[in-house]
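Asker: First, the structure itself, so that you have it in front of you.
The values are calculated or read from the model by the stated rules, or taken from the named source; none is laboratory data. Given the structure is predicted, the values throughout are model-derived calculations rather than measurements. Every residue, glycine as well, gets a Cβ built from its backbone with ideal geometry; the counts of neighbours run over all protein chains shown.
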There are 2 protein chains.
Amino acid sequence: MNAEKNSKRENASSQTDRLVRFMHKELAGTDPLPLQSSLEKLHAADIADTLARLTDEEREKLFHLLDEKTAAEVLDDLDSATQAEIIEDLGLAELADIVGAMPLDEAADILGELEEDELLSVLEKLESDDSQEVKQLLTYGEETAGGIMTPEFFAVSPHETAAQVTDQLRQEALQDEIFYVYVIDTGNHLLGTVPLRRLVTAPKNQPVQELMRSDVVTVPADMDQEDAARLAVKYDLLALPVVDSEGRVLGRITVDDLMEVLEEEASEDILTLAGTGEEALENRSVLSLAKVRIPWLLLCLAGSVLSAMVLERFNATLSQAMALAFFIPAIMAMGGNSGIQTSTIVVRGLGTGAIRPKQLPGILVREMRVVAVIGILCGLLVSVAAQLLTGTWIFGVIVGLSLASAMAVAVAGGVLWPMLCNSLGIDPAIAAGPFITTTNDITGLLIYFLIASALLRVFG
Amino acid sequence: MNAEKNSKRENASSQTDRLVRFMHKELAGTDPLPLQSSLEKLHAADIADTLARLTDEEREKLFHLLDEKTAAEVLDDLDSATQAEIIEDLGLAELADIVGAMPLDEAADILGELEEDELLSVLEKLESDDSQEVKQLLTYGEETAGGIMTPEFFAVSPHETAAQVTDQLRQEALQDEIFYVYVIDTGNHLLGTVPLRRLVTAPKNQPVQELMRSDVVTVPADMDQEDAARLAVKYDLLALPVVDSEGRVLGRITVDDLMEVLEEEASEDILTLAGTGEEALENRSVLSLAKVRIPWLLLCLAGSVLSAMVLERFNATLSQAMALAFFIPAIMAMGGNSGIQTSTIVVRGLGTGAIRPKQLPGILVREMRVVAVIGILCGLLVSVAAQLLTGTWIFGVIVGLSLASAMAVAVAGGVLWPMLCNSLGIDPAIAAGPFITTTNDITGLLIYFLIASALLRVFG
C-alpha cells in the first residue's frame, strides 16, 4: 500500500458516497421511477455497498424496488450483518422468490442462516428440484468444498459432437458462468472436461471425447475449502469439479467462490494470530465483540498472574538488586517479538503450503541460527544500555545474557508450538498468537531471574 | 484448519515425496526415456514442486529433459529461490527459448530479475514484437495492474458477426486462456466485452456489438495490483482489461494472476504485522533473514530501554512498594494484546475494504465501548489476584485501575495509529505491529507508575 493506492481507495469510497447521497435524496421523494431506472444501470455489488449505508427504512424501500434477479445478486453481495437485517424484513414468500432466483450454492448459504421452521417453510415454496438440491447442499460443512459448490453443471455424453453440445449449451439456463463442459458416462462418472474455447474452435462433427482432457483435478465434497482454493491456484483452474468417492460428479466450485475463500481464510488467519475472531470485521454489538476477545485476554491474564507469582518467588533477588525490575520490559518485549516473528512465518508457511510439516525440523535449525545472530547483537546492545543505566557491570552481563537466552527460547517455541499443534491436528494459528506470547513472558522472566540469582550469588 | 485437513495436506505432500524418490532413482540411471515419458504425464505445477526438492545436479539434469513449453510452465510455477538457481544454470540462449514460450507477462516477471546486460542480450534473442512488448511491460511497477497484465488479448471490430469472430478465434494462438472477446474501435478504444459463452450460443450473423456488454469494469495500468484483485472479486470478473487514460486497451489481467495477488498480499499483511518481511517465506540465507527482522527488533529494543528509563525514574516508588514489579508483566501483556486485537481488526478491515477510512471515528467509539467492558472485567480480576498475592488492598486498586487504563489507551492507539498512517499514505500494517506494541509498553508503564505513586502518596 502506498499513498497512490490510498487515494484510489478514497475515490472508490467517494463514488459510493455520491451514490448514497443520491439515494437519500431520491428515496425521500415520491416518484420511484427515476430511482428504478438508475438502479437498473448499477452493478449489484455497488447497490449492495450503498444499501449497507442507508437507514433501515430507506434500505427496505430501496430493496423492494429491485427486480427478483437483481435482489438475489444484491443479497448475495451484502455483508452478513446487513444481509441478516434485510432477510428479517422480508416475508418468507418474498424470500423464497428471491432465493429461487439465486444460484443454488448461494441460496443454500442464505437459507443455512435461517431458523429450522423458517427454513422448512421457504424450502416448501421452492421448486421441488431446487428444494431437494438445497437440502443436500445444507448437509455439507460450511467450510468444505461441498459447502461452496453449486450442484448445477453442464454435462454431456462422450460421443456427442461439438455442434450438438453447442446446441445444448444454447438451451441451457445455468445461473453461474460456464467455463468447462463436463463429459460424463451414463453412471454420471466424470470422464474429462472440455474448455469452452476448445469447443468453439473444434470441427463441428468431432465428438467431445476427442476434445476433452481426461487428467482432471477433482476434489471430494468434504475437502477443506481452503485446500480446494489452493489446488485451483496451483493448477490455474477456473472451476473445480466436486466428485463422490466413486468419481461421480456432485457439482462444481467456480473461481469467484474460490477467490472469496482465499480472502476469507487470509482474514481468518490474521485475526486468529491476533487472538480475535473473524466476526470482528463485521458490524456486531459491543457485547458480542467483547465476547470474542475475552477468552484470549483471560488466558493472557492468567499467564500474567503466573508471571507475578514467579516474580514474587524471586522477591529476595529483586530486593537485593532493584534495578533488575527496570529490564523486565526488555526481556518480555524482545522475547515476545522474536517469538511472534518466527511463529508467524511458520504458521503462514504451513497455511499456504510454502512450508511442509516435514521441513519443520530444518526450519527450526535455520531459525536457531538466525536467533544466534540477532540474539547476540541485541544482547550486546542491551548489555551496554544496562551498564550505563545502572552503573554496574554485572547488570550488563545479566541482562544481555538473559535477553539473548529468552529470545532463543521464544524462537524455538515459535517453531515447536505450531509443529505440535499441526501434528495434533489443531490450527497452528491458534497456538501462535497470544498463547505463544504468554508462554514466552513466563519462560523469559524465569530465565532472567534464574540467571540473575545465580550470577548475583557468585559476583554480587 | 482441522485434523482432516492436515491429513489431506500430508497426503499431497507424500505424493510429492513419492515423486521425489522416483526422480532420484530415475535420474541415477542412464536411460532418460522412461523418465521423459512420465514427465509428459505430469502437471507443470507438480514437476515444479518436485524440482524444488532435488539436488542441484539432479535439478539441472531433469530440467533439460523438459520440452520448451513445459519448461516455461515449470519455471513460472517455481518458488523464486529455485527459479533463480535454474536461471543461473541456463545459458542465455536457452533462457531466451524458454522465455519465448511463456505468456508475455510471465516472461517479463522472469526477465525483470536479470542483470541489465543479461536482460538486453535475452531481449535481443526474442522475436522483435515480443521483445518490444516485454520492454514495455518492464516499465510498469511490479505491484501494479500493468506489472501483472499480459499485453496479449483477443479483440474484434463491433460489426463483425459471431461466426466471423469464432473463425478468428480458431486461428488465434494466445498463450493464456480467453474468457472475453474485447470489442474495440479502430482507435483501439474498448467498446465492450462478449463472454465466450454468449458468443458460442449467438446466431451466426449477429454482429458482436449486439452481443457485448458495454458497462465494462476497466483498470488503469498504475492501479495497485491488490485493488485490481479486489475489484475482480467484487464484480465476479475473470479478466480485467487494462486501459490507458483515453480508454485504449493495453492488455488484460487474468484470474489466475489475480488469485496469486490475493495470496501474496495476504501473506505480506500477516508478515508485516509480525514485523518481518515476506521474503521470510522463501529459502534465504541466515544472514539475510536476520537482516529483515533486525530493524523492528532494534526499534523494540530502543523502546525497552526507554521503558527501563521510565522505571528508573520511578525508582523511589518501586523501592517503597517492591510488589509493583510483580505486575509489570500484566500491564505490558494485557495492554499489548488488546492493542494488537484492535489494530489488527482495523488494519485488515482497511486492507480488504471492509472498513472505509471515513468509518474510523465510528470504529474508535465502538472499540472504546468494547474496552470499557473487557477492561473493567480484567481490571477487577487482576485486582483480586494482586490483593491475594501481596496481601495489601491498595495494590489491588493500583493494579486494577492501571490495567484497565493501559488497555483503554492501547485500544485507542490501535485505531488512531493506523488512522494516522492511512491519512499519511503509509501502509497501516507497518504501524500496527511491533511499533504499536512498543508504544503501548511505554505508555502502559507510565500509567502504572503514575497511578501507583499518586495513590501511594495518599494511602501508602
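For every residue, the table says whether it meets (1) outside the structural domain of B:ASP222 (by TED's automatic domain parsing); (2) buried (at least 21 other Cβ atoms within 10 Å of the Cβ).
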{"residue": "B:GLN132", "(1), (2)": "yes, no"}
{"residue": "B:ALA163", "(1), (2)": "no, no"}
{"residue": "B:ARG170", "(1), (2)": "no, no"}
{"residue": "B:GLY187", "(1), (2)": "no, no"}
{"residue": "B:VAL194", "(1), (2)": "no, yes"}
{"residue": "B:PRO203", "(1), (2)": "no, no"}
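Asker: Can you name every residue in region B:94-122 that is over 25 Å from the mean Cα position of the chain (by Cα) and closer than 19 Å to B:GLU73 by Cα? Please lay out each step first, then the result.
Answerer: Initially, region B:94-122 is screened for residues over 25 Å from the mean Cα position of the chain (by Cα), giving B:94-101, B:115-122.
Matches in region B:94-122: B:GLU94, B:LEU95, B:ALA96, B:ASP97, B:ILE98, B:VAL99, B:GLY100, B:ALA101, B:VAL122.
Asker: Looking at the structure I just gave you, is A:LEU350 over 25 Å from B:LEU262 (Cβ atoms) and not charged (D, E, K, R)?
Answerer: Working: over 25 Å from B:LEU262 (Cβ atoms): no; not charged (D, E, K, R): yes.
It is false that A:LEU350 is over 25 Å from B:LEU262 (Cβ atoms) and not charged (D, E, K, R).
Asker: Among the listed residues A:ALA354, A:ALA323, A:ALA333, which satisfies the condition of being among the hydrophobic types (A, V, I, L, M, F, W, C) and under 29 Å from A:ALA229 (Cβ atoms)?
Answerer: On the way: A:ALA323 fails: under 29 Å from A:ALA229 (Cβ atoms); A:ALA333 fails: under 29 Å from A:ALA229 (Cβ atoms).
Going through A:ALA354, A:ALA323, A:ALA333 in turn, the sole match is A:ALA354.
Asker: Can you go through A:LEU138, A:LEU75, A:LEU51 and tell me which one is over 23 Å from the mean Cα position of the chain (by Cα), among the aliphatic types (A, V, I, L, M) and modelled with pLDDT of 85 or more? Working first, answer last.
Answerer: On the way: A:LEU138 fails: over 23 Å from the mean Cα position of the chain (by Cα); A:LEU75 fails: over 23 Å from the mean Cα position of the chain (by Cα).
None of the other options fit; the residue is A:LEU51.
Asker: Determine the pairs where a residue that is of a type in the set (A, V, I, L, M, F, W, C), located within region B:1-29, has a partner that is modelled with pLDDT of 50 or more with Cβ atoms under 6 Å apart, the partner being 6 or more residues away or on another chain.
Answerer: Listed by first residue and then by second, the contacts come to B:MET1/A:ASP427; B:ALA3/A:GLY425; B:LEU19/B:THR50; B:VAL20/B:THR50; B:VAL20/B:ARG53; B:MET23/B:THR50; B:LEU27/B:GLU58; B:LEU27/B:LYS61.
Asker: So how many residues does region B:297-350 have that are more than 7 Å from chain A (Cβ to nearest Cβ) and aromatic (Phe, Trp, Tyr)?
Answerer: Count: 1.
Here is a yes/no grid of residues against (1) in the same structural domain as A:ALA266 (by TED's automatic domain parsing); (2) of a type in the set (Lys, Arg); (3) more than 19 Å from B:LEU287 (Cα to Cα):
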site: A:LYS358; (1), (2), (3): no, yes, yes
site: A:ILE376; (1), (2), (3): no, no, no
site: A:VAL384; (1), (2), (3): no, no, yes
site: A:GLY391; (1), (2), (3): no, no, yes
site: A:ILE398; (1), (2), (3): no, no, yes
site: A:VAL411; (1), (2), (3): no, no, no
site: A:MET419; (1), (2), (3): no, no, yes
site: A:TYR448; (1), (2), (3): no, no, yes
site: A:SER453; (1), (2), (3): no, no, yes
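Asker: Just one of (1) at the interface with chain A (Cβ under 10 Å from one of its Cβ atoms); (2) surrounded by fewer than 23 Cβ atoms within 10 Å (Cβ to Cβ) trips up B:PHE435, so point out which.
Answerer: (1)
Asker: Mind counting the residues in region A:185-211 that are touching a Pro at 6+ places or on another chain (Cβ under 8 Å) and touching a residue at least 40 places away in the same chain (Cβ under 8 Å)?
Answerer: 5
Asker: Moving on. Among the residues of region B:101-108, is any out of contact with any Asp or Glu (no Cβ under 9 Å at 6 or more places or on another chain) and either buried (at least 16 other Cβ atoms within 10 Å of the Cβ) or at pLDDT 90 or above (or both)? It would help to see each step written out before you state the result.
Answerer: Applying the first criterion (out of contact with any Asp or Glu (no Cβ under 9 Å at 6 or more places or on another chain)) to region B:101-108 yields none.
Taking every residue of region B:101-108 in turn, none turns out to be out of contact with any Asp or Glu (no Cβ under 9 Å at 6 or more places or on another chain) and either buried (at least 16 other Cβ atoms within 10 Å of the Cβ) or at pLDDT 90 or above (or both).
Asker: Is it the case that B:ILE363 is in contact (Cβ under 8 Å) with a residue 12 or more places away in the chain, over 21 Å from B:LEU403 (Cα atoms) and more than 7 Å from chain A (Cβ to nearest Cβ)? Show your work before the answer.
Answerer: On the way: in contact (Cβ under 8 Å) with a residue 12 or more places away in the chain: yes; over 21 Å from B:LEU403 (Cα atoms): yes; more than 7 Å from chain A (Cβ to nearest Cβ): yes.
Judged against the criteria, B:ILE363 is a match.
Asker: Taking only region A:133-152 into account, find how many residues are assigned to a loop (DSSP other than H, G, I, E, B) and within 22 Å of A:LEU262 (Cβ to Cβ).
Answerer: At the first step, the residues of region A:133-152 found to be assigned to a loop (DSSP other than H, G, I, E, B) are A:138-143, A:149, A:151-152.
From what is left, the residues that are within 22 Å of A:LEU262 (Cβ to Cβ) are A:140-143, A:149.
Counting residues in region A:133-152 that are assigned to a loop (DSSP other than H, G, I, E, B) and within 22 Å of A:LEU262 (Cβ to Cβ) gives 5.
Asker: Right, A:GLU60: under 22 Å from A:LEU114 (Cα atoms) and either in contact (Cβ under 8 Å) with a residue 40 or more places away in the chain or crowded, with 20+ Cβ neighbours inside 10 Å (or both) or not? Before the answer, list the steps.
Answerer: Working: under 22 Å from A:LEU114 (Cα atoms): yes; either in contact (Cβ under 8 Å) with a residue 40 or more places away in the chain or crowded, with 20+ Cβ neighbours inside 10 Å (or both): no.
Against the criterion (under 22 Å from A:LEU114 (Cα atoms) and either in contact (Cβ under 8 Å) with a residue 40 or more places away in the chain or crowded, with 20+ Cβ neighbours inside 10 Å (or both)), A:GLU60 does not qualify.
Asker: Ok, one more. Any chance region A:273-294 includes a residue that's at the interface with chain B (Cβ under 7 Å from one of its Cβ atoms), touching a residue at least 60 places away in the same chain (Cβ under 8 Å), in a helix (DSSP H, G or I) and more than 23 Å from A:MET407 (Cα to Cα)?
Answerer: no
Asker: Further, regarding this structure: Suppose we keep only residues that are facing chain A (nearest Cβ under 8 Å), assigned to a helix (DSSP H, G or I) and in contact with a helix residue (DSSP H, G or I) (Cβ under 6 Å, 6 or more places away or on another chain) within region B:351-360. Which one would you say is surrounded by the most Cβ atoms within 10 Å (Cβ to Cβ)?
Answerer: B:GLY351
Asker: Sticking with this one: Restricting to helices (runs of 4 or more DSSP H) lying wholly in region A:17-113: which have 3 or more residues that are charged (D, E, K, R) and more than 25 Å from B:ASP215 (Cβ to Cβ)? Don't jump to the end; show me each part of the working.
Answerer: Details: elements: A:33-41, A:44-51, A:56-65, A:68-77, A:80-89, A:92-100, A:104-111.
Once the helices (runs of 4 or more DSSP H) in region A:17-113 are filtered for at least 3 residues that are charged (D, E, K, R) and more than 25 Å from B:ASP215 (Cβ to Cβ), what remains is A:56-65, A:80-89.
Asker: Kindly indicate whether B:ALA372 is in contact (Cβ under 8 Å) with a residue 40 or more places away in the chain, over 21 Å from the mean Cα position of the chain (by Cα) and either part of a helix (DSSP H, G or I) or more than 7 Å from chain A (Cβ to nearest Cβ) (or both). Give the steps one after another, and end with the answer.
Answerer: Details: in contact (Cβ under 8 Å) with a residue 40 or more places away in the chain: no; over 21 Å from the mean Cα position of the chain (by Cα): yes; either part of a helix (DSSP H, G or I) or more than 7 Å from chain A (Cβ to nearest Cβ) (or both): yes.
Against the criterion (in contact (Cβ under 8 Å) with a residue 40 or more places away in the chain, over 21 Å from the mean Cα position of the chain (by Cα) and either part of a helix (DSSP H, G or I) or more than 7 Å from chain A (Cβ to nearest Cβ) (or both)), B:ALA372 does not qualify.
Asker: So B:GLY247 passes all but one of these: (1) in contact with a strand residue (DSSP E or B) (Cβ under 9 Å, 6 or more places away or on another chain); (2) on the phi < 0 side of the Ramachandran plot. Which condition number does it fail?
Answerer: Condition (2) is where B:GLY247 drops out.
Asker: Let me ask something else. Within 29 Å of A:THR218 (Cβ to Cβ), surrounded by fewer than 13 Cβ atoms within 10 Å (Cβ to Cβ) and assigned by TED's automatic domain parsing to the domain that holds B:MET102 - does that describe any residue in region B:40-56?
Answerer: So the first thing to find is which residues in region B:40-56 are within 29 Å of A:THR218 (Cβ to Cβ), and the list is B:40-54.
Imposing the further condition that a residue be surrounded by fewer than 13 Cβ atoms within 10 Å (Cβ to Cβ) reduces the set to B:40-41.
When the remaining residues are screened for being assigned by TED's automatic domain parsing to the domain that holds B:MET102, the result is B:40-41.
Checked region B:40-56: at least one residue is within 29 Å of A:THR218 (Cβ to Cβ), surrounded by fewer than 13 Cβ atoms within 10 Å (Cβ to Cβ) and assigned by TED's automatic domain parsing to the domain that holds B:MET102.
Asker: Restrict the check to region A:386-402 and report whether at least one residue is at pLDDT 90 or above, farther than 17 Å from A:GLY349 by Cβ, more than 9 Å from chain B (Cβ to nearest Cβ) and within 35 Å of the chain's Cα centre (by Cα).
Answerer: no
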